[in-house]
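These notes are about the structure you will find just below.
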Amino acid sequence: MHGFIKHAVRFPRGLRAAGLTVGLAAALAACGSASTSASTSSGMSGMTSSATASASMGAMSGMAEPMYAGDGLSATSSGFTLVPVSGSASVPSGKAVAVRFEITDSAGVAVTAFQDDQTKLMHFYVVRSDLAGFQHVHPVMASDGTWSANLAALEPGTYREYASFITKNGGGAAIALVLSEQFTVAGAATSAALPAASSSTQVDGYSVTLSGGLMAGMEHTLTATVTENGAPVTDLQPYLDAYAHLTAFHQGDLAFAHLHPQGAVNGDHGGPTLAFDAQMAKSGSYRLFLQFQTGGVLHTAAITVHVG
Ligand SMILES: [Cu+2]
C-alpha cells in the first residue's frame, strides 16, 4: 500500500510461479459491464498460505526492500500482532475519530522501531465490509508505541482496519507486514451493492481508465491513464514516492491486494500513464482505490475490477 513499501509487494519469483494455471487471464477491458464470465481459477488459495510473511534483507544494506505477502487478513503474523487499544473496537459514526492501536511483538511488547516505507513509518487503511468508506491515513506514534490514526467521519457498519509497516524481526532482518482487525461503527448499518466492474471511472473532473489483464495468483502490470476533458493529465505530483498510490480489497473477505507502483518520481509532471505491478491472490471482484495528487489536492478514484 501505500503502495505497499512500497505497499506492494511482490512474491518471490519462485512462489509466484507455484501452482499457477495458465490461460485463465481475463482482460480487464473484457470485464467491463458483463460480470457474467465464469470465474474458473480456483485452486489458487494455496498461494496465500504458502507465502510467508516476509523476505529478509540485509539489516544494514538497505539495498533491497522486504516484500509483503499474504492476504492481510490476520491480526497476527510472524509473531507481530495488531492490537486495538481499548475503545477502538467500536467507534461512533458521523464524526471524526482517532483509532488507536499497537503493534506488539511475540513477547507482547509494543514495537517502537519502524522503518520508512514510501516516506511513512505506518500506513493505515479502513474499508467497510461492502468495500465502501475507504480511508488511507498515516498514524502518529507515541513514545510508548501507541499509534493514533485520525479518521474522517464513518458511516455505521462493520469495517476492517489494516496496518502496513516494516519493522525488524528477532533476527534483525527487516520484515514487511500487513495486519488487520475488524471493528464496528455504531448505528444502523446500510450496505451498498458493489458497483459493476468497469475499465474506467471519474473523480473530481478526472477520468481514470485501466488496462491490463489480471489473473489470480500471478503478477501482472496494471496501467491507469488519467485524463481531463479528454486531454492527458501530465501534472501529477509525487505522493508517497510515486505518482499514484493504489490499494485494493477483495469482495467478501476483504483480502488486501499488493500493488506496487513502477518507475521513479521526478518532479511535478507525472502522468498520464501510471503502471503498477499487480498481485491479486484470489479470483473475484476487487475494489481499487487509486490516489493521485494535482495542485496540492489528493484525489481518490474508486473502481471495481474482476480478476479471473
Ligand atoms: Cu500510506
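So here's what we get for this one:
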read-out	value
Sites Ala186 and Asn150 - FRET efficiency at Förster radius 22 Å, r taken between beta-carbons, to 0.05	0.75
Compactness of the range 169-308, expressed as Rg and Dmax over alpha-carbon positions, Å	16.4, 53
Cα-based reach from Lys120 at 12 Å (exclusive), listing aspartates and glutamates while leaving out same-chain residues under 8 positions away	Asp241
Extension gain, Asp253 back to Ala98 (0.36 nm per residue minus Cα-Cα distance, nm)	53.3 nm
Radius 11 Å from Cβ of Asp235, net charge of other residues (Lys, Arg +1; Asp, Glu -1)	-2
Coordinate range along principal axes, alpha carbons of the range 266-308, Å, largest first	36, 18, 14
For Ser93, distant residues with modelled amide H under 5 Å away	Ala186
Whole-Hz ³J(HN,Hα) from phi, Karplus 6.51 cos²θ - 1.76 cosθ + 1.60, for the range 72-84, glycine and proline x	x, 9, 9, 7, 10, 7, 6, x, 9, 10, 7, 10, x
Aspartates and glutamates whose Cα lies under 18 Å from that of Lys282, excluding same-chain neighbours fewer than 8 positions away	Asp71, Asp130, Glu219, Asp253
Rh by Kirkwood over Cα pairs, then Stokes-Einstein D for the range 205-260 at 1.306 mPa s and 10 °C, µm²/s	119
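Every number here is computed from the coordinates shown, using simple stated rules; none is lab data. Since this is a predicted model, take the numbers as computed values, not measurements. Virtual Cβ from ideal backbone geometry, glycine too; neighbours counted across all protein chains shown.
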